[in-house]
Structure formats: C-alpha cells, structure tokens
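A.B. asks: Quick one: structure below, then a few questions.
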Amino acid sequence: MRRRNILLLIILAIFAFSLWAVIPLDGNRFGRQGVRLGLDLVGGVHLVYQVKFPDNATDAEKNAAIDREIATIQSRIDQYGVVDPIIQKLGNDRILVQLPGFTDIDAAKGFVETTGFLEFRQMELTADGKQVTLGDYLSQAKPAFVDTKETGTRIFVDTKNNPVVIITSTPAGLKFTDNNGKVIDPAAMDFYRTSVSWVISRGDDGTPLTGGLLADARADVQTQAGVNAVVDIKWNDQGSAIFDQIAKRLYQKQLGIFLDSKLISAPRINSQSYGGSAIIEGSFSVDEVKKLANLLQSGSLPVPLVKPPLYQEKVSATLGANFVDNSVKAGIIGILLVMLFMIAYYRMSGVVASLALLFYSAVVLAIFKLWPITLNLAGLGGFIVSVGMAVDANVLIFERMKEEFRSGRTLGAAIDAGFDRAWSAIRDSNVTTFIACAILYWLGSSVVASGPVMSFAITLFIGVAVSMFSAITVSRVLLQLFQGTALAQKTNWFAPNWGKK
C-alpha cells in the first residue's frame, strides 16, 4: 500500500511538471522558447558540408576537429540572431546546418564557410586632452573604473596617463591609488578624460599575436579541494617568444581574446615569462572551460570544409503556421476519439487507460519542448504512431484481465496476473520498435537530407519509451486504487465480456 502511494505521488508530480512545461506551447521554460519547428513548417536554409581531414588524422582527432568547427559555426550563427539553428555532426565526416527562418542561402554559406579569426588585444588608453577638475571628478555619477567587458568605457587618468582607481568612495576619506598601489593626493593631481580601446598585441618586431601562433588549447578540470576548471594553452616557437615579450609589457594587466572581433575572455597576465605555455583561469564552470578551449582551437586550427556544400537547399514553409494549428487540433480530436472508444468498450479500465494516455501526451510534449526536439512533419507522424502503440499495450493488458475474471479471480489478482502475463508481449514488441528506430537513425545519420527520417526515429523512440511507462506503471497504479472498494466486486466494469453469455 505504501509503495503504491509513493508511486502515485511520483506520477502526479511528473504529470504536474509536464503540464507546467508544456502549457503554453509557445511559452518560455528553462530558456526554451516553445516547441522547435522544422524547416518544412517554418522554412529556411538546409546545408550539408563534407569535412576535409589530414591524411594521418586519427578518429579521436577527427571527432575533436568537427566539434571545434561546430563551435565556431555556432558562435557565428548566434551573432546573426537565427532562432533555434541546428548544427550537428552527420555521420563521421559531415556537418549538417539548418537555419529556420533564414532567407538568404548565400549569406548562410558565408557564415558557415568563413574561417574564424582569433587574435589577442591589449587595452590602450587614449586621452582627448580635456582637463577635468577635482570637483568635476567628484560630481561624476559613476565612479571611475576600467570595465574590460566593454570597449569605449570612460575612465580617468592622471598627468602620466596612469589609470586612477577609487579605493574608498566616501566623501570624507576619498583616496586614490596608482597602478603600483601608491596612494595619490587628489589635490595635487590633474585629471584628464580618456577612453579605453582594444588594440592588437604585437611582439617587439611588430608581429601580431593571433590564433595562428597557438599550438594547442585544452580544458583542464581539477577536482582536488573543489573543482578548478582552467584552459591550458600552448604556443608554437614563434608564438612563445612573442607572448613572453608581450607578458613583460602587460604584467598584471589583462589581455583580451577576440574571436571574429568578439571578446570571449580577458585573463590577467600574472607572470613575465611563460616558456611556451600558460593557463586561463577564473570563475569558470566546466562547460565554460570546454567551450573556451574549443573556441581557441577553432580560431587557430579551423577544419577545412569542401566547397561547395554536398547539399544545399532553400526550403519554403510548405506547411506553415496554419498546418501546425490544424495538427494540434487534429491531435486533440484523435486522442479524444481514442479515449471515447476505450471508455465505451472497456468501461472503468478504459477510463484508467484514458488518464494514462493524458499522462503520456503531457510527458512526451514536455520532452519535445525541453530537450528540445525539432518537430517536422515526419516527427509529428512518429508521435502519432506512438499514441496508437500506447493504447495497444493497454488493450493487451485488459484482454488478459478478461481471462483472469473468467477463471473467477478477484480484481486485485486479475490486475497482477494481467499485467505480469501481458508484459512479455509488450516488452518484445516495443524492443523490436526500438531496434527499428535505432536502424532508421543510424541510416539517416549517414544520408544527405535525411532530417525527416531521423526526426521520425527520435520521436517514435521517445513516444514508445514513455508509453511503456504509462501503460505498465501508471495504468497499474490507477487500477489498484479500486481494490477494496465496492466497485471492485463488479468485475464486468473492468473487463466486460462483450458478446459472451
């Protein structure tokens, strides 16, 4: 009894969470903006690229190279503002790019094919020559500081062009320090308005420090005394010499890392000599460190893509919003008709099956939305097929319960025997479906323009997996609630013998 009550509470909690996640379908949950729709529903650009590997590359090096290339493409597409792009590995040597809502196929190819440019910049202070009095300085709405996350931030410097840093901002005890930590008397200083800009860092011979001088960049996660996630970087011989020259000039200052002119990190230089290697550390999560390492690698060692793409297509919204609305209505009508049939034919067992079907629908839609799964026409088809299979499992169970009632068993005994004896048939049929889904996905992952096949396989697999839980666990717990009640004596209400005398 206690185990059944615990299961019931778990089922209700899952159902409540799923409803919260699904309703409304276009609502924001955990950063997910509604159900993701495929190209055949909203239109866009579909590209498939062949990756060109070095002849001596190992499988591990190939996988890492594709991951870095995908990170570069993703970063560039994100800047354009494409909603829910799909960028993923296809087979062992191809990259699939789908840009829903994108209207310019040439622009899309430009974003993907352009090699990422990684460079290292330093902050430079440029005074505009306008002197500011101490009174003007103290009346500023914002305190004077250098914000390394922005360019063009207004700060203040003394007559030697050294940044002035507030260490105490109370009017009674306003104090300043210079870069060396020495306290400065404000009354003896002149202040000049200036601005901050990022300029390319160069070695003593004028060679710029760019990603082409990087030899490697790897994420390093240390778990001793807490998690410490850093990025280990290594320079080639030329990069090592140039970086040490820059480190001497920028000791205790920050060096900006820019990918495609976008600041991705600004670590502080804590040594005047690194000998060819360094670490980037800070308050990074493990995922952030892995992403930064991939971006550094992708900027310095981009994966060459074979041009033109193997497959390119501008897809119009063949179905569109009206079809989505009609599909939702059709799905609701279909589920209601199935529930009506189950209730009419199996009575109370049909009511239980209908409740399990509602649970199933909510959970599957929540998975589609929160994963997120891209729903195209084929994916919707896989979901609808799985709805029918969810009811099939209940039909097998209820027919087995009929046989138990005919032999004179009680409701509790019939439930246990019906579920236990129908389980092997349900398990075997669903396992074969899982195998078919795996084969479809595997074959689809190696075929160009195979998105619909893979989408059908994924949605069918998820639907069948959830249907097994709803048919076996949810239905059983709900039926067991009738044990010990007056209705349990009326077995014909749970497995009616239609046509039997």
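FYI, it's all coordinate maths here, none of it is from the lab. A quick note: this is a predicted structure, and the numbers were derived from the prediction, not measured. Note: ideal-geometry Cβ built from the backbone for every residue, glycine included; neighbour counts use all protein chains shown.
A.B. asks: Residue separation times 0.36 nm, minus the C-alpha to C-alpha distance between ASP220 and ALA413: what's the value?
C.D. replies: Full extension from ASP220 to ALA413 adds 63.7 nm.
A.B. asks: Separate question: If R0 is 35 Å, what FRET efficiency do you get for GLU124 and ASP237 from their C-beta distance, rounded to 0.05?
C.D. replies: 0.80
A.B. asks: I need TRP235, TRP423 ordered by Cβ neighbour count within 10 Å, fewest first. Show your work: numbers first, answer last.
C.D. replies: Details: TRP235 22, TRP423 17.
Going from sparsest to densest Cβ surroundings: TRP423, TRP235.
A.B. asks: Taking other Cβ within 10 Å of each residue's Cβ, how do GLU119, GLU61 sort, fewest first?
C.D. replies: Going from least to most buried by this count: GLU61, GLU119.
A.B. asks: Moving on to the next point. Among THR103, THR207, THR72, which comes first, second and so on when ranked by fewest other beta-carbon atoms within 10 Å?
C.D. replies: If I rank by nearby Cβ atoms, fewest first, I get THR103, THR207, THR72.
A.B. asks: Give the calculated FRET efficiency between ILE279 and PHE53 to the nearest 0.05, with a Förster radius of 41 Å applied to their Cβ-Cβ distance.
C.D. replies: E between ILE279 and PHE53, to the nearest 0.05, is 0.90.
A.B. asks: Measure up LYS234/LYS307; LYS291/LYS314; LYS109/LYS290; LYS234/LYS290; LYS253/LYS290; LYS262/LYS291 against 19 Å on the Cα-Cα distance and list the ones that go over.
C.D. replies: Values: LYS234/LYS307 31 Å; LYS291/LYS314 30 Å; LYS109/LYS290 26 Å; LYS234/LYS290 16 Å; LYS253/LYS290 24 Å; LYS262/LYS291 15 Å.
From LYS234/LYS307; LYS291/LYS314; LYS109/LYS290; LYS234/LYS290; LYS253/LYS290; LYS262/LYS291, over 19 Å: LYS234/LYS307; LYS291/LYS314; LYS109/LYS290; LYS253/LYS290.
A.B. asks: Mind giving me the nanometre distance, one decimal, between the label points for LEU9 and ILE333, set 7 Å out from Cα along Cα→Cβ?
C.D. replies: 4.3
A.B. asks: Starting from 0.36 nm per residue, how many nanometres of slack lie between ASN63 and ALA107 once their C-alpha separation is accounted for? All intermediate terms of the calculation are to be shown ahead of the outcome.
C.D. replies: On the way: separation 44, 0.36 × 44 = 15.84 nm, distance 2.69 nm.
Once the chain is fully extended between ASN63 and ALA107, it gains 13.2 nm.
A.B. asks: So how far apart, in nm, are the two label points at LEU358 and ASN326 if each is 7 Å from Cα heading toward Cβ?
C.D. replies: Output for this residue pair reads 2.9 nm.
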